[in-house]
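Peer 1: The structure under discussion is supplied below as structure tokens; questions concerning it will follow.
The values are calculated or read from the model by the stated rules, or taken from the named source; none is laboratory data. What you see is a predicted model; the values in this text were computed from it and never measured. Positions of Cβ are generated from backbone atoms using ideal geometry, with glycine treated the same way; all protein chains shown enter the neighbour counts. For accessibility, only protein heavy atoms count, side chains too; no ligands or nucleic acids. Shrake-Rupley method; radii C 1.70, N 1.55, O 1.52, S 1.80 Å.
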Amino acid sequence: MSLDVQKLHKEFSGDDPQNGSTVALQDISFSAAKGSFISFIGPSGCGKTTMLRILSGLETATSGTVSINGVAVSSQWKYAGYVFQEYALFPWRTVIDNIAFGLDVRGVSRKERKERAMEFVEKFGLAGFEDKYPAALSGGMQQRVAIARTLINDPEIVLMDEPFGALDSQTRSLMQQFLLDVWQQSDKTVLFITHNIDEAVYLSQTVYGISSRPGTIGLTVPIDMPYPRDVTSDAFNNYRREILNFLDSQHRRT
Amino acid sequence: MEIFTGIRDLVLQGLPRGNTLVLHILYSLLRVACGFLLAVVTAVPLGIILGWSKSLRETVAPVVELFRPIPPLAWIPIAILWFGIGLKSAAFIIFLGCFFPILLSTISGVLSVERILVDAARTLGADDRDVFVKVLIPGATPSIYTGLRIGLGIGWMTLVAAEFTGVKSGYGLGYMIMTARDIQRPDLVVAGMAVIGLTGFLLDVLIRFFENRSLAWRK
Ligand SMILES: Nc1ncnc2c1ncn2[C@@H]1O[C@H](COP(=O)(O)OP(=O)(O)OP(=O)(O)O)[C@@H](O)[C@H]1O
Ligand SMILES: [Mg+2]
């Protein structure tokens with residue numbers, strides 16, 4: 001399914017009227033074809049999280065439209081899964097019960113939940129940990145649980161907000177590889193937020209640069225390289241430089 | 001030493017004669033159980049709703065703060081007017097003693113649940129009811145248990161004091177102690193106090209047992 005975002009605008013009024021309001025997003029427009037991998041990169045506070053929260057239905061836009069296959073959707077829609085930077089696992093649920101949460105709220109029977117969740121446990125390299133609580137897991141494993149928990153619902157669009165930001169660089173590159181594998185075996189559309197230029201270029205088909213407040217799309221870079229990408233190649237370096245220049249100009253602006 | 005002989009007399013002969021210790025304990029426990037359970041089934045759901053809704057919380061909070069400082073024992077006269085002397089008024093007094101600590105810990109437990117867990121549940125397809133049952137309640141459970149322990153402790157203390165002022169049936173640990181005082185038997189008074197302390201302790205052990213069983217994830 002294709003996603004089309006037109007002139008998304010978000011203004012936070014704030015609790016204190018004296019302080020005025022914050023315009024977090026202004027005129028965000030982009031589209032994503034079915035099965036594409038798109039990254040967003042931009043300075044802190046430019047509204048990336050706000051944008052994903054609107055796309056997930058957790059927040060409503062002040063104005064603008066989000067359409068799926070050309071049809072505008074209301075704020076509460078059910079096509080998107082969300083992976084949080086903080087993992088956001090339920091600490092009182094075991095790994096398998098965390099993964100099965102979406103099935104649980106859909107009323108799938110206990111037996112079927114267990115079977116389906118167990119498939120994800122194996123596929124995500126969590127076998128042997130299914131009965132552990134999240135606190136007993138490493139960061140990389142917790143994030144795999146979080147991704148499995150989102151994907152078991154089979155969302156057509158996967159929103160990921162700096163999912164690997166808290167991981168060490170080695171775990172991070174393993175997880176990037178893992179995510180690419182999962183994405184390539186599916187037809188899911190991934191919208192991925194990162195602060196890391198290499199990560200954006202390594203993973204995505206298109207990188208959007210978001211300018212600082214108010215957030216708007218200031219750069220579009222289609223990455224025309226086959227997977228798996230060689231991070232030491234000239235082509236990779238050129239993309240890297242282009243994005244770096246954009247981010248530098250944003251920092252100078254603020 | 002006298003305490004042990006005192007306890008032995010209480011167990012075997014009873015005070016007044018025939019009303020043995022076991023029966024006193026059972027009557028006291030029954031009153032506490034009624035008041036405590038009533039408090040649990042009202043304070044926990046109310047606490048979860050108040051923790052959830054800021055506007056309701058701000059409306060109800062002044063009322064709660066007005067009633068909370070009134071000692072449960074100060075309610076005895078009105079309880080007797082409303083319910084007469086008996087199990088109902090005893091349970092009502094205990095209920096008042098247990099209610100506020102359970103309510104306040106439940107509210108603070110819900111407030112301590114990270115927003116992002118609610119967001120995660122929503123994006124995974126949870127409706128309001130799922131959020132209540134599968135996120136807010138389990139997330140607030142550690143704090144609720146703290147409230148249950150404090151509430152039951154206060155309820156137990158309140159009960160024994162309430163029984164001082166008279167019970168119709170002639171049973172109850174507080175009643176037993178007052179009887180011992182009336183017949184000038186300090187050994188039985190002290191023995192009664194020891195039993196009260198021990199029973200209160202065992203009640204807490206019981207709650208902690210359930211707490212550890214249902215909160216295995218915290219370790
Ligand atoms: N609920 C809110 N109420 C008021 N202002 C908000 C709210 N949420 C976000 N903002 C403001 O909107 C702007 C964008 O925030 P957002 O979290 O989307 O940025 P971000 O790009 O995700 O930043 P980071 O890279 O640090 O995660 C910030 O100025 C922030 O203070
Ligand atoms: Mg953010």
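Peer 1: How many residues, within the stretch A:199-215, are within 16 Å of ligand 2 (Cβ to nearest atom) and either surrounded by fewer than 17 Cβ atoms within 10 Å (Cβ to Cβ) or under 16 Å from A:ILE41 (Cβ atoms) (or both)?
Peer 2: We begin by selecting, within the stretch A:199-215, every residue within 16 Å of ligand 2 (Cβ to nearest atom); these are A:199-200, A:208-215.
Then keep just the ones that are either surrounded by fewer than 17 Cβ atoms within 10 Å (Cβ to Cβ) or under 16 Å from A:ILE41 (Cβ atoms) (or both); that gives A:199-200, A:208-213, A:215.
Number of matching residues: 9.
Peer 1: Quick one: how many residues across the stretch A:229-241 are part of a loop (DSSP other than H, G, I, E, B) and surrounded by 12 or more Cβ atoms within 10 Å (Cβ to Cβ)? Spell out how you get there, then give the answer.
Peer 2: Kept after step one, since they are part of a loop (DSSP other than H, G, I, E, B), are these residues of the stretch A:229-241: A:229-233.
Narrowing the set further to residues that are surrounded by 12 or more Cβ atoms within 10 Å (Cβ to Cβ) leaves A:229, A:231.
Number satisfying all stated conditions: 2.
Peer 1: Then there is this: Assuming A:GLN185 fulfils every condition listed in (1) farther than 27 Å from A:ARG53 by Cβ; (2) of a type in the set (S, T, N, Q); (3) touching a residue at least 24 places away in the same chain (Cβ under 8 Å) apart from one, which condition is it?
Peer 2: The one condition A:GLN185 does not meet is (3).
Peer 1: Within the stretch A:129-146, which residues are open to solvent by 50 Å² or more (accessible area, probe 1.4 Å) and within 13 Å of another protein chain (Cβ to nearest Cβ)?
Peer 2: Going residue by residue through the stretch A:129-146, those that are open to solvent by 50 Å² or more (accessible area, probe 1.4 Å) are A:129, A:131-133, A:135-136, A:138, A:144.
Result: A:ASP131, A:LYS132, A:TYR133, A:ALA135, A:ALA136.
Peer 1: Within the stretch A:154-186, track down each residue that is among the aromatic types (Phe, Trp, Tyr) and touching a helix residue (DSSP H, G or I) at 6+ places or on another chain (Cβ under 6 Å).
Peer 2: If the condition is that a residue be among the aromatic types (Phe, Trp, Tyr) and touching a helix residue (DSSP H, G or I) at 6+ places or on another chain (Cβ under 6 Å), then A:PHE164 is the only one that fits.
Peer 1: Here are some residues: A:VAL221, A:VAL207. Which one is more than 16 Å from ligand 1 (Cβ to nearest atom), among the β-branched types (Val, Ile, Thr) and at pLDDT 95 or above?
Peer 2: A:VAL221
Peer 1: Could you list, in sequence order, the residues of the stretch A:77-88 that are within 8 Å of chain B (Cβ to nearest Cβ) and part of a loop (DSSP other than H, G, I, E, B)?
Peer 2: Within the stretch A:77-88, A:LYS78, A:PHE84, A:GLU86, A:ALA88 qualify.
Peer 1: Same structure again: Is there a residue being touching a residue at least 24 places away in the same chain (Cβ under 8 Å), open to solvent by less than 20 Å² (accessible area, probe 1.4 Å), touching an Asp or Glu at 6+ places or on another chain (Cβ under 7 Å) and within 16 Å of ligand 1 (Cβ to nearest atom) anywhere in the stretch A:113-123?
Peer 2: no
Peer 1: Also: Going through the stretch A:147-178 one residue at a time, which ones are away from chain B (no Cβ under 14 Å) and either closer than 24 Å to A:ARG113 by Cβ or open to solvent by 10 Å² or more (accessible area, probe 1.4 Å) (or both)?
Peer 2: Residues satisfying the conditions are A:GLY165, A:LEU167, A:ASP168, A:SER169, A:GLN170, A:THR171, A:ARG172, A:SER173, A:LEU174, A:GLN176, A:GLN177, A:PHE178.
Peer 1: Sort through A:SER67, A:SER39, A:SER44, A:SER74 and tell me the only one that's open to solvent by less than 10 Å² (accessible area, probe 1.4 Å) and either more than 12 Å from chain B (Cβ to nearest Cβ) or not in a strand (DSSP E or B) (or both).
Peer 2: When all the criteria are applied, what remains is A:SER39.
Peer 1: Here are some conditions: (1) within 30 Å of A:GLN205 (Cβ to Cβ); (2) in contact (Cβ under 8 Å) with a residue 12 or more places away in the chain. A:ILE96 meets all but one. Which one does it not meet?
Peer 2: Going through (1) within 30 Å of A:GLN205 (Cβ to Cβ); (2) in contact (Cβ under 8 Å) with a residue 12 or more places away in the chain one by one, A:ILE96 breaks only (1).
Peer 1: Show me the helices (runs of 4 or more DSSP H) entirely contained within the stretch B:72-140 in which 2 or more residues are closer than 17 Å to A:TRP92 by Cβ and within 14 Å of chain A (Cβ to nearest Cβ).
Peer 2: The qualifying helices (runs of 4 or more DSSP H) are B:87-112, B:115-123.
Peer 1: On to the next question. State yes or no: is A:ARG53 in a helix (DSSP H, G or I), within 14 Å of chain B (Cβ to nearest Cβ) and within 16 Å of ligand 2 (Cβ to nearest atom)?
Peer 2: Against the criterion (in a helix (DSSP H, G or I), within 14 Å of chain B (Cβ to nearest Cβ) and within 16 Å of ligand 2 (Cβ to nearest atom)), A:ARG53 qualifies.
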